[in-house]
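Okay, so here's the structure we're looking at.
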There are 2 protein chains.
Amino acid sequence: MSGWPVRYELLHVCRQSGARLGMVHTPHGSFETPAFMPVGTQATVKGMSPGELRDMGAGILLSNTYHLWMRPGQDIVREAGGLHRFMNWDRAILTDSGGFQVFSLADRRRITEEGVAFRSHLDGSRHVLTPEKSIGIQNDLGSDIMMAFDECTPWPAEHDYVKRSLERTTRWLERCVASHTRPHEQALFGIVQGGTFADLRKQSAREITSIDLPGYALGGLSVGEPAADMYHMLEEAVPLLPSGRPRYLMGVGSPDHLVEGSIRGIDMFDCVLPTRIGRNGTVFTARGRLIVRDATCAHDFGPLDPLCDCPVCRDHTRAYIRHLIKANEMYGLRLASWHNLYFLMALMRQVREAIREDRLLDLRDELRDRGTFDKKIRPL
Amino acid sequence: MSGWPVRYELLHVCRQSGARLGMVHTPHGSFETPAFMPVGTQATVKGMSPGELRDMGAGILLSNTYHLWMRPGQDIVREAGGLHRFMNWDRAILTDSGGFQVFSLADRRRITEEGVAFRSHLDGSRHVLTPEKSIGIQNDLGSDIMMAFDECTPWPAEHDYVKRSLERTTRWLERCVASHTRPHEQALFGIVQGGTFADLRKQSAREITSIDLPGYALGGLSVGEPAADMYHMLEEAVPLLPSGRPRYLMGVGSPDHLVEGSIRGIDMFDCVLPTRIGRNGTVFTARGRLIVRDATCAHDFGPLDPLCDCPVCRDHTRAYIRHLIKANEMYGLRLASWHNLYFLMALMRQVREAIREDRLLDLRDELRDRGTFDKKIRPL
């Protein structure tokens, strides 16, 4: 179909790594890729204002269909004029299908060919999520990019189960396409499944891309499998995706995975990691993750990360942020999340710059050697 | 003593009400009075950044000695270079004495002439707070204005008890003055007690002002007594305070009390009300308080207060803020507190403007007639 509302523009391919520098154009502005999408589950990126997200360079946010469906309900969002107006965010929004949350959050779920029956995690009420229902809600939300309703197969899973599941995901994609009422305003992305089986990843990639869509995602990764398996699946599946479409690796957001994913041709990422670990008092630094709530930070009047130029590192010390977090102060959680999001946005700027300069593998090695990928900060 | 670090400049007396327009000069800048001081109990005004507080015109914050003593401990704040640097606030700071919190929060407290023995509300550890200890902690915190250690007598209380208590408060004030090690950098304010007894208020005002200090406060009001009693006490005590010093009414922050206090010659106020009711989903409006978490706001896409020009009312709707609060989202609490603080800062700007124009009684009547003082919003 021509005239899709979301279009990918390839700007440069890194001669060293093969990574892509690109631009995704949406009805709510364009953003450079590879890009990290902050997650605003309940129509808010925890603690952050839209202005702060704009200031750190976020061009697109992700929001969760399941949560908005359950609360406040998509009718209220539609009445508000769509999710952009509801949350006062004028740049791009991607919504997931709700499938992942139904599988991971809801109680007593039952999967059939029709869809998934489950009980709400909020009040126990019964619901059924189907491809048509998911697309209907996302049409109400008015996101720029909608995700197909799929089954995110768990890890580990049997080859036989994964094969049956991915084939159902393909049939569900066809139903998503058929029920999509706003194809000129909202782009629908298909999702490649297949677990950690190379043959199934390739089968799913072929099936999903046989349906012409403005973008494709890889789902069912970063769900507990070893990183090497994830990288292997990217190497098997990404070459089967059309080069003229953005490629989105769902649920990925640690610094190493963002860089390694970019090296393997991924354009878009999302993850709750920066806000989740922030709320638990852990922050990213160029030398690895720092548990700022630890006693070691009590008298430390330096910034969270001496190499970071974010407003949090400019204005506040580790000792102060530790105090706030220990005292359960909202502002402490806000500062840790703010820094972590900024850190990933800055990392992606570095990645894009390295692609432009054909040196993404060098950057990866530099970051690794500095400790940026470490789970625990290296002492100076 | 000459060369006090905090100085009051009288700019104008309202010919209609007698209220004072003034300016308080401190080592960290000057602020116009009557002024409302946002409360940053644990070295943070709940959810707000220093920049946001500056932008709404806050010239002085209040922070709580008891809380900072218990956590993180005044040694860490002193090491940071004082409270201003610890919390990155370069305008004025007032600290209370810790007495009020010891009386209201701590467990198993026992009052003697020496001070108050109590157990921490955090871990049950034993401590003693004395005039010397309170001043020592406040000297470490480095606030611009320190409050004397007093007993905030509860309401109701017997005349005999209140009399003995206020006389001890006077003796404690003498010990505060004697132990203050930084009188050229930090101003110590004395506190007038006396409950709701006119004779005792006057006795306390005479005793406290017999000690020459850069400012005086009225304590033990807004602790449950009828508003008429509080106004009566102001009318009895304020005329006894020297006109060349700022007058601070402690713990007062509802719109009606701020205006009525200003009319009775008060220059400074503080209260946790705006952030506390904000966190509970209630906001001030020009037509009275709105419970934004109520179902009536679910489909209301107007601002919290159509007459408010704050960033929250500019950017977000009642329906969105209600959703955030119902979903326990930090950003919702932040928005409600932000609006409420802004509302009181804007109210005080109106009060100062009315004093300048000799029409504060008219403003009081206009606000009352509009519903600004109402506990429940008036339907349009």
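The values are calculated or read from the model by the stated rules, or taken from the named source; none is laboratory data. These numbers come from a predicted model, not from an experiment. Because the Cβ atoms are built from the backbone with ideal geometry, glycine has one as well, and the counts that use them run over all protein chains shown. The accessibility values were calculated without ligands, DNA or RNA, using every heavy atom of the protein model including side chains. Shrake-Rupley method; radii C 1.70, N 1.55, O 1.52, S 1.80 Å.
At 20 angstrom or more along the helix axis (alpha-carbon based) and mean Kyte-Doolittle of -1.0 or higher, what helices does chain B contain? Whole DSSP H runs only.
On the way: long enough: B:159-179 (30 Å, -0.98); B:330-356 (39 Å, 0.19).
Sorted by number, the helices that extend far enough and score high enough are B:159-179, B:330-356.
With a ≥ b ≥ c taken as the square roots of the eigenvalues of the C-alpha gyration tensor of the protein assembly as shown, please select rounded if a/c is under 1.5 and otherwise prolate if a/b is larger than b/c or oblate if it is not? Write down the numbers at each step before the final one.
Working: a/c = 2.62, a/b = 2.02, b/c = 1.30.
Verdict is prolate for the protein assembly as shown.
How many Cβ atoms of partner chains, on average, are near each residue of B:318-331 if near means within 10 Å of its Cβ?
Rounded to a whole number, the mean comes out at 6.
Please quote Rg/Rh for region A:314-372 to two decimal places, taking the Kirkwood radius as Rh and restricting both calculations to Cα atoms.
Numbers: Rg = 15.5 Å, Rh = 13.3 Å.
In region A:314-372, Rg relative to Rh is 1.16.
Distance between the C-alpha centers of region A:237-308 and region B:243-322? Whole Å please.
What the calculation gives is 39 Å, centre to centre.
Give the lysines whose C-alpha is closer than 18 Å to that of A:K202, dropping any in the same chain fewer than 8 places away, or say none.
Leaving aside lysines fewer than 8 places away in the same chain, those within reach of A:K202 are A:K163.
Between A:H121 and B:R109, what is the label-point separation in nm under the 7 Å Cα-to-beta-carbon projection?
Taking the simple label geometry, B:R109 and A:H121 are separated by 4.2 nm.
With +1 assigned to the C-beta of every Lys and Arg and -1 to the C-beta of every Asp and Glu, and no other charges, what is the dipole magnitude of region B:199-314 about the Cα centre in debye, to the nearest 20? Don't skip to the answer; put the middle values down first.
Numbers: 12 positive and 15 negative charges, 52 e Å.
Around 240 debye, computed over region B:199-314.
Return, ordered by residue number, the residues of region A:298-323 whose backbone nitrogen is under 20 Å from a label point located 7 Å along Cα→Cβ of B:R71.
Only A:298-301, A:317-323 fall inside the zone, counting backbone N under 20 Å.
Along region A:87-96, what does the Karplus equation 6.51 cos²θ - 1.76 cosθ + 1.60 (θ = phi - 60°) give for ³J(HN,Hα), rounded to whole Hz, x for Gly and Pro?
Once rounded to whole Hz, the list reads 9, 6, 10, 9, 9, 6, 10, 10, 10, 7.
Let me know the volume per residue of the alpha-carbon convex hull for region B:179-234, in Å³.
Working: hull volume 4.8 nm³, N = 56.
Taking the convex hull of the Cα positions in region B:179-234, it is 87 Å³ per residue.
Taking only Cα atoms and a 10 Å spring cutoff, compute GNM fluctuations for chain A and point out the largest among A:A157, A:A228, A:A319.
A:A228
My understanding is that a pair violates if its Cα-Cα distance is over 24 Å; which of A:K376/B:K46; A:K46/B:K375; B:K326/B:K376; A:K46/B:K46 do that in this structure? Please report the intermediate quantities before stating the final value.
Numbers: A:K376/B:K46 30 Å; A:K46/B:K375 31 Å; B:K326/B:K376 20 Å; A:K46/B:K46 15 Å.
From A:K376/B:K46; A:K46/B:K375; B:K326/B:K376; A:K46/B:K46, over 24 Å: A:K376/B:K46; A:K46/B:K375.
Are there GluC sites (Glu not before Pro) in region A:164-199 that DSSP marks as loop and that have at most 15 other Cβ atoms within 10 Å, and which are they?
Values: sites: A:E167, A:E174, A:E185; in loops: A:E185.
The qualifying sites are A:E185.
Remind me, relative contact order of chain B in percent, using alpha carbon pairs under 8 angstrom and six or more residues apart? Don't skip to the end; give the middle numbers.
Values: 797 pairs, mean separation 68.5, N = 380.
Averaging sequence separation for qualifying contacts and normalising by length gives 18 percent for chain B.
Please check region A:84-109 for residues whose accessible area, probe 1.4 Å, is lower by 50 Å² or more when all protein chains are in place than in their chain alone.
A:F86, A:N88
For the protein assembly as shown, what is the charge dipole size about the Cα centre, in debye to the nearest 20, if Lys and Arg each add +1 at the Cβ and Asp and Glu each add -1 at the Cβ? List each step's numbers first, then the result.
Values: 94 positive and 94 negative charges, 131 e Å.
Here the size comes out at about 620 debye.
In Å², and per residue, what accessible area does region A:305-350 have when probed at 1.4 Å with the other protein chains present? The partial results should precede the final answer.
Details: 1380 Å² over 46 residues.
Dividing the accessible area of region A:305-350 by its residue count gives 30 Å².
Write down Rg/Rh for region B:61-117, rounded to two decimals, with Rg from the C-alpha atoms and Rh from the Kirkwood relation over Cα pairs. List each step's numbers first, then the result.
Values: Rg = 13.0 Å, Rh = 12.5 Å.
On the Cα set of region B:61-117, Rg over Rh gives 1.04.
Percent relative contact order of region B:47-126, based on C-alpha pairs within less than 8 angstrom and at least six residues apart? Can you show the working numbers first?
Numbers: 71 pairs, mean separation 21.5, N = 80.
Relative contact order for region B:47-126 comes out at 27 percent.
Give me log10 I(q)/I(0) at q = 0.13, 0.14, 0.22 Å⁻¹ for region A:1-59, Debye formula, one equal scatterer per alpha-carbon, no solvent.
The Cα Debye sum returns log10 ratios of -0.47, -0.53, -0.96.
Could you work out the helix-only [θ] at 222 nm for chain B, with each DSSP H run of four or more residues adding -39,500 (n - 2.57) and the total divided by the number of residues, to the nearest 500 deg cm²/dmol?
Details: 15 runs with 152 residues, N = 380.
Computed ellipticity for chain B at 222 nm equals -12000 deg cm²/dmol.
Checking the a/c ratio against 1.5 first, then a/b against b/c, what shape does the Cα gyration tensor give for chain A?
On the way: a/c = 1.60, a/b = 1.32, b/c = 1.21.
Verdict is prolate for chain A.
For the modelled label position 7 Å from the Cα of A:H299 along Cα-to-Cβ, which residues of region B:71-111 have backbone nitrogen atoms closer than 14 Å?
B:73-81
Compute for region B:4-147: radius of gyration divided by Kirkwood radius, i.e. Rg/Rh, restricted to C-alpha atoms, rounded to two decimals.
Numbers: Rg = 16.7 Å, Rh = 16.3 Å.
Ratio of gyration radius to Kirkwood radius for region B:4-147: 1.02.
Need the C-alpha centroid separation for region B:190-217 versus region A:56-71, integer Å.
56 Å
If the chain between A:E353 and A:Y161 were fully stretched, how many nm would it gain, using 0.36 nm times the residue separation less the Cα-Cα distance?
Fully extending the segment from A:E353 to A:Y161 adds 65.0 nm.
Distances from B:R78 to the same residue in each other copy, label points 7 Å out along Cα→Cβ, in nm, shortest first?
Those separations, rounded to one decimal, come out as 6.4 nm.
Could you tell me whether region B:271-357 comes out rounded, prolate or oblate from its Cα gyration tensor? Rule is a ≥ b ≥ c as square roots of the eigenvalues, rounded for a/c under 1.5, then prolate if a/b exceeds b/c, otherwise oblate.
Prolate is the answer for region B:271-357, as a/c is 1.5 or above and a/b outweighs b/c.
How much length is gained if the chain between B:E9 and B:D212 is pulled fully straight, taking 0.36 nm per residue apart and subtracting their Cα-Cα distance, in nm to one decimal? Write down the numbers at each step before the final one.
Values: separation 203, 0.36 × 203 = 73.08 nm, distance 1.69 nm.
So the extension gain works out to 71.4 nm.
For region B:133-266, give the magnitude of the charge dipole about the Cα centre (Cβ charges: +1 Lys/Arg, -1 Asp/Glu; no others), in debye to the nearest 20. Show your work: numbers first, answer last.
Numbers: 13 positive and 18 negative charges, 70 e Å.
The calculated dipole for region B:133-266 is roughly 340 debye.
Which residues make up the longest stretch of chain B clear of trypsin sites (Lys or Arg not before Pro) that lie in a DSSP loop with no more than 15 other Cβ atoms within 10 Å, not counting the sites? Mind showing how you got there, number by number?
Numbers: sites that count: B:R15, B:K375, B:K376.
Result for the longest clean stretch: B:16-374.
Roughly how large is the A-B contact in terms of buried accessible area, totalled over both chains, probe 1.4 Å, nearest 100 Å²?
On the way: alone 15380 and 15360 Å², together 27600 Å².
Buried area (both sides, nearest 100 Å²): 3100 Å².
Remind me, relative contact order of region B:237-345 in percent, using alpha carbon pairs under 8 angstrom and six or more residues apart? Let's see the in-between values first.
Values: 162 pairs, mean separation 26.4, N = 109.
This gives 24 percent for region B:237-345.
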